[in-house]
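Structure first, commentary second.
All of the numbers you see were taken from the coordinates with simple rules; none came from a lab. Just so we're clear, the structure is a prediction, and the values are computed from it rather than from any experiment. Cβ atoms come from the backbone with ideal geometry, glycine included; neighbour counts cover every protein chain shown.
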Amino acid sequence: MKKTNRKNLNDITVILRTLNEEKNIFDCIYSIKKSGIKNILVVDGKSQDNTIKIVKNLKVRYLISDRKGIAYQGYLGVKNVKTKYLAIIDADMRTTKKSFQLMMEDLQNSNYAGVEANIISGNKKNNYFDNAYQTIMDININKTGPRNMIGSPTLFLTKILKKNNFDPYFTGPADDTDLAYRLSKKGYVFGGSSAKVKHLHRTSFVSFFKKYLWYGKGDAQFVSKHPERLLSILKHQLFNYPLKFSFFALVKLKIIYIPFMFLAGYLRFSGMIFFLTQKKLGFEEKIYNT
């Protein structure tokens, strides 16, 4: 089994896609540097706050992208990576000292195209919404072993993404779903890593409401491009969240979060219907913060 040291981490470039992330970007980059990563690339979608000023002060490489969404920013990021590995991390995430070391070891000791870290709450104070979201992560994401779908935070083999880059069509959060689906059709497999990355979960009803509607936008774009996956998306929204996840929450004696599971699923479904209708009627699209 291969072991990774700090020198090996020079083979990784971390891509951060940002839009008005002045509240998050310093702590995010600081945590990445502290974990031993030197190659960081910020791809910014023309932020109107102090995001780029902070990035400059931290002496981190950056690109300014047109405001076309996170997939386009990811596309530009991948094209500008020269290292053997690349990682996709969100600005509201905080890595630990061993996050990238463990992800690299898990990737090197497997045949995976990419490995996704476990997501744990990074909030100093927990509340109902934070704990409910973490319960979903523990049920659906935080597992080792092979998987067909993968999101962020993930470490990839760069050469695979160079040939199968993000599709700029996606302005919503289904950019990684589309990427994983296209790669899985080519026979690539992904895996869960033993690494942990902290995520600042949303902690209010309003923020969670907006987030899951935004997930619905991603679902709408995904089924527009891949109509053959409509039933799978509907199953995820209307079966996995309200029934499957609720069952596991019940088993884990976390009954209090079952209403959240129902709400999350039906918000995604409602968001998908809303954005499909909006597109059909020709309304102008708004690009959300990442």
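Rounded to the nearest 0.05, what FRET efficiency is calculated for Leu58 and Ile120 with R0 set to 22 Å and r the Cβ-Cβ distance?
Approximately 0.35, to the nearest 0.05.
Expressed in nm to one decimal, what extension gain is obtained for the pair Phe274 and Lys34 from 0.36 nm per residue of sequence separation less their Cα-Cα distance?
My answer for the length gained is 82.2 nm.
What is the chain's relative contact order, in percent, from Cα pairs under 8 angstrom and six or more apart in sequence?
With pairs under 8 Å counted, the relative contact order is 21 percent.
Please report how far the C-alpha centroid of segment 149-190 lies from that of segment 203-278, rounded to the nearest whole angstrom.
About 21 Å separates the Cα centre of segment 149-190 from the one of segment 203-278.
Please state the Cα pair-distance histogram of the chain with 10 angstrom bins from zero: what percent is in each bin?
Calculated P(r), rounded to whole percents: 6, 28, 38, 23, 4, 0.
Can you sort Phe274, Phe100, Phe129 by how many other beta carbons sit within 10 Å, fewest first?
Result, fewest neighbours first: Phe274, Phe129, Phe100.
Assuming R0 = 25 Å, can you tell me the calculated FRET efficiency for the pair Lys97 and Lys252, based on Cβ-Cβ distance, to the nearest 0.05?
Here the calculated transfer efficiency is 0.30.
Give the relative contact order (percent, whole number) for segment 207-281; include only Cα pairs under 8 Å separated by 6+ residues.
50 percent
At a Förster radius of 25 Å, what calculated FRET efficiency corresponds to the Cβ-Cβ distance of Lys244 and Thr144, to the nearest 0.05?
0.80
If we count other beta carbons within 10 Å of each Cβ, what is the order of His199, His226, fewest first?
His226, His199
Just tell me which lysines come within less than 17 Å, Cα to Cα, of Lys124; anything on the same chain fewer than 8 places away is out.
Hits, sequence-local ones excluded: Lys23, Lys196, Lys198.
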